[in-house]
Amino acid sequence: QRDAKKGALAPAERARVLENAGTASRLLGRTRDAARWLESASREPSSGPSPRYQLALTYASAGKLSRALESLDAAFRTARTPAETRKLVIQARVDTELDALRDLPEFRRLLRPDTGSDGASRR
């Protein structure tokens, strides 16, 4: 709130602070707060895939599976390199917070390393 008034943080710093607040809220079981922080972090221009991935974990934990899939797809789409995409795929395969998504065809489609949910190549 203070940074919104003063603008002291660079966009990347602001995104990281918001993401950390969201991740901490999720780990404390405060999924509503976590989603709010992580949505804000995702809107920062330089945020990258990490807050979107954390948002997928948050929504999956809250039982909002469609939103979790949308956030996971957004994380993959914002990956900057093939290596970053591979890292996200590996994380998604092992994160227990995503267990509720594992049997969904959309989830399996997202985890194919060469395509996104729209079938477009991911680099």
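The values are calculated or read from the model by the stated rules, or taken from the named source; none is laboratory data. This one's a predicted model, so the numbers in the text were calculated from it and none came from an experiment. Here Cβ is always computed from backbone atoms with ideal geometry, including for glycine, and neighbour counts include all displayed protein chains. Protein only, heavy atoms only, side chains kept; ligands, DNA and RNA dropped before computing areas. Shrake-Rupley method; radii C 1.70, N 1.55, O 1.52, S 1.80 Å.
Just a few scattered comments:
- Percent carbon-and-sulfur accessible area, the chain, ignoring ligands, DNA and RNA, probe 1.4 Å: 52 percent
- The chain, accessible area per residue, ligands and nucleic acids excluded (1.4 Å, Å²): 59 Å²
- Total formal charge among the other residues, if their Cβ is under 13 angstrom from that of D95, Lys/Arg +1 and Asp/Glu -1: +2
- Backbone HN-Hα couplings from phi across segment 77-85 [Karplus 6.51/-1.76/1.60, Hz, Gly and Pro as x]: 5, 9, 4, 8, 9, x, 5, 5, 5
- Förster radius 35 Å - calculated FRET efficiency between R109 and E13 (Cβ-Cβ, nearest 0.05): 0.50
- Among 56-64, 75-83, 41-49, 89-97, sorting by the average number of other beta carbon atoms lying within 10 angstrom of each residue, highest first, gives 56-64, 41-49, 75-83, 89-97.
- Equivalent ellipsoid of the chain: semi-axes from √(5λ) of the C-alpha gyration tensor, largest first, are 25, 18, 10 Å.
- Across the chain, Cα pairs under 8 Å and at least six residues apart give a relative contact order of 18 percent.
- Cα-centred dipole magnitude for segment 5-51, charges only on beta-carbon of K, R (+1) and D, E (-1), debye, nearest 20: 180 debye
- Simple spin-label estimate for D95 and R36 in nanometres, 7 Å along Cα-Cβ: 2.2 nm
- Angle in degrees between helix 31-43 and the longest Cα principal axis of the chain, rounded to the nearest 10: 90 degrees
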